[in-house]
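Student: Handing you this structure, nothing more for now.
The values are calculated or read from the model by the stated rules, or taken from the named source; none is laboratory data. Given the structure is predicted, the values throughout are model-derived calculations rather than measurements. Cβ: placed from backbone, ideal geometry, glycine included. Neighbour counts: every protein chain shown.
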Amino acid sequence: MKKLMIGNEAIARGAYEAGAKVATAYPGTPSTEILEIFSRYEGVYAEWAPNEKVALEVGCGASMGGARTLVAMKHVGVNVAADPLFTFSYTGVNGGMVLVSADDPGMFSSQNEQDNRGYGRFAKLLVLEPSDSQEARDFVKEAFELSERFNTPVMLRITTRLAHSQSLVEEGERVDIPLKPYEKNPAKYVMLPGFARLRHVEVEKRMAALAEYVENSSMNRIEWGDRKVGIITSGIPYQYVKEVMSEASVLKLGTVNPLPENLIREFAAGVDKLIVVEELEPVIEEQVKSWGIDVQGKDILPCISEFTPELLEEKLLGQAVEEVFTLSTPIPPRPPLFCPGCPHRGVFYVLKRMRLTVCGDIGCYTLGALNPLAAMDSCICMGASIGTALGIEKARGEEFARKTVAVIGDSTFVHSGITGLIDVVYNQGTSTVIILDNGTTAMTGHQEHPATGRTLSGNDTIRLDLEQVCRAVGVNRVRTVDPLNLEELRTAVEEELAVGEPSVIIARRPCALIPQADLEKKTYYVDTDKCKGCKLCVKIGCTGIYWEEEEKLAYINPNLCVGCGLCPQVCKLDAILAREA
Amino acid sequence: MSKQATTNILIVGVGGQGTLLTSRVIARVVVELGHDVKVSEVHGMAQRGGSVVSQVRFGPRVYSPIIKEGDADVILAFEKLEAARWLHYLKPDGTLIINDERVDPLPVMSGEAEYPEDIDQELVSIVPRSTVVNATEIAAECGSSRAANIVLVGVLSRAMDLEPALVEQAIREMLPERVLDINLKAFQRGRELYDTL
Ligand SMILES: Cc1ncc(C[n+]2csc(CCOP(=O)(O)OP(=O)(O)O)c2C)c(N)n1
């Protein structure tokens, strides 16, 4: 019987059935579940790498070593992995390699919405794009075959809606693919200029062969309907087109790089009007135009955010949704926020009170940029906090560094913060870096990383010691504090800011949502005789604390309070008391 | 044609309330019934206390994984404000089920905005097929307020006219052994609750 699967599960399944033996990734929404699910199969090796570049490099080695290999990451992860990717495109594979790029149109959980189909043309890769979970499973299997046949890494480009939508999948058996023999072959794998020049010729030959192959691939198909309008589309937008324009002729593309030029010409010749329906960049449209074909696309449809069926109805059919129900009151927004008991809250509370310039980074703690704590000044990409803190100091002088901190999560520090810290030491900066060590990669759903001391499969391993790493790169002042002890934290930040040398404060306490949190068996309550309604506790932004406007008093919801003990520290009237649970 | 036959269920709430499980239980049941099914979920950032939505669509052939505005047959709201936020997805003759639960969003907690206190009453007055249920309280009576999502599965299963045995089987398959009793009770109470509406 067919099984409901999110796209990510179908990808893991497809790789398993295709005989993949090695899979590597660094977590990132919307790609994370692929490795989590793949790692549960028997007879495979799966790992969290410290970052995407290493993940891809391990993947390159596994492929060279003869194994079918899956590598997965979110769209911005491919930027981190781009260096090995562009050159692995030259060397080609031994065992098949599939790289999943999980793009995030609409930025549900990302810092940008870059369109990674662009990498296909840039790095000269075959790029496949499935439209539902069944295709995700089928295309992955096909991708391994094509990777080996055309000697190329293959990119499977998906988007959030594919990754996190469930649809029905017909499963198959795993095929046993023996390891390919490993042979020393420097002309293929040692990319010295002399060898690389020869490989580039091979890459161009491969792209020509792929261009021919895609013309007849069953992943591309024309669904003839009404010939007045022809739609070229791929991925999830294909589903929206079928939903709202069931009569139109459709050219559904499964290979989005290279494009099947002749098939597109045939389709264009068969319809009166041609429209490309693609999210984000006009990747298909511009190529079709370059062939002298009259086509519409981004003149009608936006290049911003994800599409919806109603958007296509409006832009393609001129039908706007009618409002049926109207409400008399505005609906306040509901931004995400720190969980009750989150150790990050203590840090941003202190940083806000100290009015510091905070060079931030990416993780749950980026919520420290939002109200009510709103203490973060910048967030660019993973690992950027430390470099930006050093840059600000070099631009504005050491005095400014006395009021600036870099804030970075533990997983992010290991991902790409260590090199920034080396720069601070090497170039004699005086930055104060706070590492928020909550013992997990919380943002993406609690994955292990080198400093947790456990692997993807939950096995114990050698734990990366953050204190030792910081000392080893040359930071003399390294101290560890409890982020929910406001006094201790504030003192540490004040002292480390005051000194004219690099320092690291490790704010260590487990995320409240993981078992290691070992939460206190108590909750807090407000003594309403003592509470004067000053709202100091309300301003820490804990969902467990609410304000009763009529009584002008704060209350604590015992179902939400986890007893972290932060709010009693901010109450000046000692009105918040503990109750054993 | 197949378009007409697609049923659209929108499940909305606050990150952490267990909307994902509810949509997955419902999806599993409609698969058993032989439908084509698509479910869309929200993972990542919004799960940290933000507004979350999951969508279940089923019928002979389902294309889009997401529901169009104005096209939901049922909206099941785990929280009152969220019912209002997603109301524009409801069909004119669609059913709105509102859990009588209030979770203050940040702007309300910090006093920048006001929680529309009587929002559930207003919703009921403008949506012909709508009702307010107290799933959290009933779940607590069954043994754990965390089973509120399964009480709501019970209510929804009646609104959708689903075979109770099938839903129970899905619950058994998807929940850990140690909380099964509480949740099966919660499911039953949810079904009975529908009668009183
Ligand atoms: C290059 C890149 N890879 C992955 C991500 C997804 N991502 C965002 S933050 C983060 C790590 C969060 O972990 P940590 O730094 O420990 O902070 P926490 O969420 O635990 O507070 C990840 C994996 C990303 N934004 N960019």
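Student: Quick one: how many residues across the range A:101-156 are free of Cβ contacts under 8 Å to residues at least 60 places away in the same chain and of a type in the set (V, I, T)?
Tutor: The number of residues fulfilling the criteria is 1.
Student: I would also like to ask the following. Can you give me the number of residues within the range A:283-341 that are more than 8 Å from chain B (Cβ to nearest Cβ), farther than 27 Å from A:F108 by Cα and polar (S, T, N, Q)?
Tutor: The qualifying residues number 3.
Student: Same structure again: I'm checking my understanding of the structure. Among residues of the range A:531-576 that are polar (S, T, N, Q) and within 14 Å of chain B (Cβ to nearest Cβ), which one is surrounded by the fewest Cβ atoms within 10 Å (Cβ to Cβ)?
Tutor: A:N559
Student: Moving on to the next point. When residues of the range A:488-518 are filtered for being exposed (fewer than 14 other Cβ atoms within 10 Å of the Cβ) and aliphatic (A, V, I, L, M), how many remain?
Tutor: Of the residues in that region, 2 qualify.
Student: Another question, if that's okay. Hey, can you tell me all the residues within the range A:437-448 that are within 7 Å of the ligand (Cβ to nearest atom) and part of a loop (DSSP other than H, G, I, E, B)?
Tutor: Within the range A:437-448, A:N438, A:T440, A:A442, A:M443, A:T444 qualify.
Student: Looking only at the range A:1-49, which residues are within 16 Å of the ligand (Cβ to nearest atom) and either in a loop (DSSP other than H, G, I, E, B) or among the polar types (S, T, N, Q) (or both)?
Tutor: Scanning the range A:1-49 gives A:N8, A:T24, A:Y26, A:P27, A:G28, A:T29, A:P30, A:S31, A:T32, A:A49.
Student: Within the range A:345-370, can you find the residues that are in contact with a strand residue (DSSP E or B) (Cβ under 6 Å, 6 or more places away or on another chain) and within 13 Å of the ligand (Cβ to nearest atom)?
Tutor: Hits for the range A:345-370 are A:V347, A:G360, A:D361, A:G363, A:Y365.
Student: With respect to A:E135, is the statement that it is at pLDDT 95 or above, surrounded by fewer than 20 Cβ atoms within 10 Å (Cβ to Cβ), more than 16 Å from the ligand (Cβ to nearest atom) and among the acidic types (D, E) true?
Tutor: Against the criterion (at pLDDT 95 or above, surrounded by fewer than 20 Cβ atoms within 10 Å (Cβ to Cβ), more than 16 Å from the ligand (Cβ to nearest atom) and among the acidic types (D, E)), A:E135 does not qualify.
Student: If a residue has to be within 9 Å of the ligand (Cβ to nearest atom) and either touching a residue at least 60 places away in the same chain (Cβ under 8 Å) or not in a helix (DSSP H, G or I) (or both) to count, how many in the range A:50-78 make the cut?
Tutor: Residues flagged as within 9 Å of the ligand (Cβ to nearest atom) and either touching a residue at least 60 places away in the same chain (Cβ under 8 Å) or not in a helix (DSSP H, G or I) (or both) within the range A:50-78 amount to 4.
Student: Of these, A:D377, A:D423, which one is out of contact with any Asp or Glu (no Cβ under 8 Å at 6 or more places or on another chain), of a type in the set (D, E, K, R), under 28 Å from A:C537 (Cα atoms) and surrounded by fewer than 24 Cβ atoms within 10 Å (Cβ to Cβ)?
Tutor: Testing whether each residue is out of contact with any Asp or Glu (no Cβ under 8 Å at 6 or more places or on another chain), of a type in the set (D, E, K, R), under 28 Å from A:C537 (Cα atoms) and surrounded by fewer than 24 Cβ atoms within 10 Å (Cβ to Cβ) leaves just A:D377.
Student: Which count do you get for residues in the range B:108-127 that are under 18 Å from the mean Cα position of the chain (by Cα) and more than 9 Å from chain A (Cβ to nearest Cβ)?
Tutor: Number of matching residues: 2.
Student: Next question, about the same structure. Would you point out which residue out of A:V424, A:V433, A:V475 is over 23 Å from the mean Cα position of the chain (by Cα), in the same structural domain as A:A369 (by TED's automatic domain parsing) and in a loop (DSSP other than H, G, I, E, B)?
Tutor: Working: A:V424 fails: in a loop (DSSP other than H, G, I, E, B); A:V433 fails: in a loop (DSSP other than H, G, I, E, B).
Going through A:V424, A:V433, A:V475 in turn, the sole match is A:V475.
Student: Can you pull out the strands (runs of 3 or more DSSP E) entirely within the range A:100-190 that have at least 2 residues that are more than 14 Å from chain B (Cβ to nearest Cβ)?
Tutor: On the way: elements: A:126-128, A:154-159, A:165-169.
Here the list reads A:126-128, A:154-159.
Student: Would you check if A:F150 is in contact with a strand residue (DSSP E or B) (Cβ under 6 Å, 6 or more places away or on another chain) and either within 16 Å of the ligand (Cβ to nearest atom) or in the same structural domain as A:A12 (by TED's automatic domain parsing) (or both)?
Tutor: When the stated conditions are applied, A:F150 does not pass them.
Student: Which pairs turn up if I take residues in the range A:492-518 that are without any contact (Cβ under 8 Å) to a residue 40 or more places away in the chain and assigned by TED's automatic domain parsing to the domain that holds A:E399 and look for partners that are away from the ligand (no atom under 15 Å from the Cβ) and of a type in the set (A, V, I, L, M) with beta carbon separation below 9 Å, at least 6 apart in sequence or on another chain?
Tutor: Pairs that qualify, where the first residue is without any contact (Cβ under 8 Å) to a residue 40 or more places away in the chain and assigned by TED's automatic domain parsing to the domain that holds A:E399 and the partner is away from the ligand (no atom under 15 Å from the Cβ) and of a type in the set (A, V, I, L, M), are A:A492/A:V481; A:A492/A:I505.
Student: How about the range A:383-421: which of its residues are part of a helix (DSSP H, G or I), away from the ligand (no atom under 16 Å from the Cβ) and not hydrophobic (A, V, I, L, M, F, W, C)?
Tutor: Passing the criteria: A:G391, A:E393, A:K394, A:R396, A:E398, A:E399.
Student: Follow-up question, since we're still on this one. For A:A81, are the conditions met, namely being farther than 22 Å from A:N220 by Cβ and either more than 13 Å from the ligand (Cβ to nearest atom) or in contact with a helix residue (DSSP H, G or I) (Cβ under 6 Å, 6 or more places away or on another chain) (or both)?
Tutor: So A:A81 passes the test.
Okay, residues lined up against (1) in the same structural domain as A:K180 (by TED's automatic domain parsing); (2) closer than 27 Å to A:T452 by Cα; (3) surrounded by 24 or more Cβ atoms within 10 Å (Cβ to Cβ); (4) not basic (K, R):
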residue: A:Y16; (1), (2), (3), (4): yes, no, yes, yes
residue: A:G19; (1), (2), (3), (4): yes, no, no, yes
residue: A:F38; (1), (2), (3), (4): yes, yes, yes, yes
residue: A:Y41; (1), (2), (3), (4): yes, yes, no, yes
residue: A:N79; (1), (2), (3), (4): yes, yes, no, yes
residue: A:G92; (1), (2), (3), (4): yes, no, no, yes
residue: A:M97; (1), (2), (3), (4): yes, no, yes, yes
